[in-house]
Amino acid sequence: NQHDYGNSLHVDRRGKIYVTGSSWNGRDSDMYVIRMNNDGSLDTSFGTNGKVVVNNIAGGNSWDSGNSIYVDSNGKIYVTGESSNGRNSDMYVIKINSDGSLDNLFGANGKVVLNNIAGGNGGDYGNSLYVDSNGKIYVTGSSWKGSSLDMYVIRLNSGGSLDNTFATNGKVVVNNIAGRNSSDSGNSIYVDRSGKIYITGYSSNRNNFDMYMIKIE
């Protein structure tokens, strides 16, 4: 009975509305997904009365947040965000079936948790997610490299494993985009039909932050 945040929204081909974010559970925040009918009512055929609530994704039994949501043509729901591991944040991707159950064929019981993406063994944050027509999953965000945050892009196979045919072991890490060699974050990602990847976000320029757009082949 406290804070609730809506962070990302997707509307599928049937007009069903999906929202993810975080909600206070009395001690910390849980990630949630709700599904609404096109008139705004909760779709009670999804999860529990239209809601799926997930916590303790990274094992820290603390806060969990859903930051980006995508629904594919088969009704599978993908969410990325961050989850406490007890010390800092891990990035995660969760895959949910159309009835609201976790897809146990994806990752470990429907979840993929990644940390240390940029090598600094600190916080990792999933900010935006996209799924292409081949079922490849792309995520961008930021990862601690030891002294600051780097922008990253990862690509997962449809089963949740890192796609080692993409960049270096499935990961691209980019820093110093605006010249400060400080904070860089990927906030939104899109993949076109030819497989070109577009990312926008912010990067420190010494005095403040600049917006950028990067295109990856």
Only one of N127, N88, N109 is touching a residue at least 60 places away in the same chain (Cβ under 8 Å) and out of contact with any Asp or Glu (no Cβ under 7 Å at 6 or more places or on another chain), namely N127
Would you tally the residues in the stretch 64-93 being within 23 Å of Y152 (Cβ to Cβ) and in a loop (DSSP other than H, G, I, E, B)? 5
When residues of the stretch 195-217 are limited to those that are open to solvent by 90 Å² or more (accessible area, probe 1.4 Å) and outside any strand (DSSP E or B), the one nearest to D72 (Cα to Cα): E217
Can we say N181 is on the phi > 0 side of the Ramachandran plot, polar (S, T, N, Q) and either at pLDDT 95 or above or not in a strand (DSSP E or B) (or both)? yes
So if I check each of Y70, Y92, which one is open to solvent by 30 Å² or more (accessible area, probe 1.4 Å), of a type in the set (F, W, Y) and farther than 21 Å from Q2 by Cα? Y70
Can you find, within the stretch 131-152, the residue that is least open to solvent (accessible area, probe 1.4 Å) among those that are over 21 Å from Y78 (Cα atoms) and in a loop (DSSP other than H, G, I, E, B)? S148
When the stretch 130-160 is checked residue by residue, the ones that are of a type in the set (F, W, Y) and free of Cβ contacts under 8 Å to residues at least 60 places away in the same chain are Y138, W144, Y152
Hey, among G159, G122, which residue is open to solvent by less than 60 Å² (accessible area, probe 1.4 Å), out of contact with any strand residue (DSSP E or B) (no Cβ under 8 Å at 6 or more places or on another chain) and assigned to a loop (DSSP other than H, G, I, E, B)? G159
Condition (residue is open to solvent by 30 Å² or more (accessible area, probe 1.4 Å), within 14 Å of Y70 (Cα to Cα) and touching a residue at least 12 places away in the same chain (Cβ under 8 Å)) applied to the stretch 18-31: is it met by at least one residue? no
Being part of a loop (DSSP other than H, G, I, E, B) and among the aromatic types (F, W, Y) is the filter; apply it to the stretch 26-63 and report the residue that is farthest from I96 (Cα to Cα). W63
Flagged in the stretch 82-140 as touching a Lys or Arg at 6+ places or on another chain (Cβ under 7 Å) and basic (K, R), in numbering order, are K95, K136
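The values are calculated or read from the model by the stated rules, or taken from the named source; none is laboratory data. Because the structure is predicted, anything quoted here is derived from the model rather than measured. We place every Cβ from the backbone using ideal geometry, glycine too, and count neighbours over all the protein chains shown. Please note that ligands, DNA and RNA were not included when accessible areas were found on the heavy atoms of the full protein model with its side chains. Shrake-Rupley method; radii C 1.70, N 1.55, O 1.52, S 1.80 Å.
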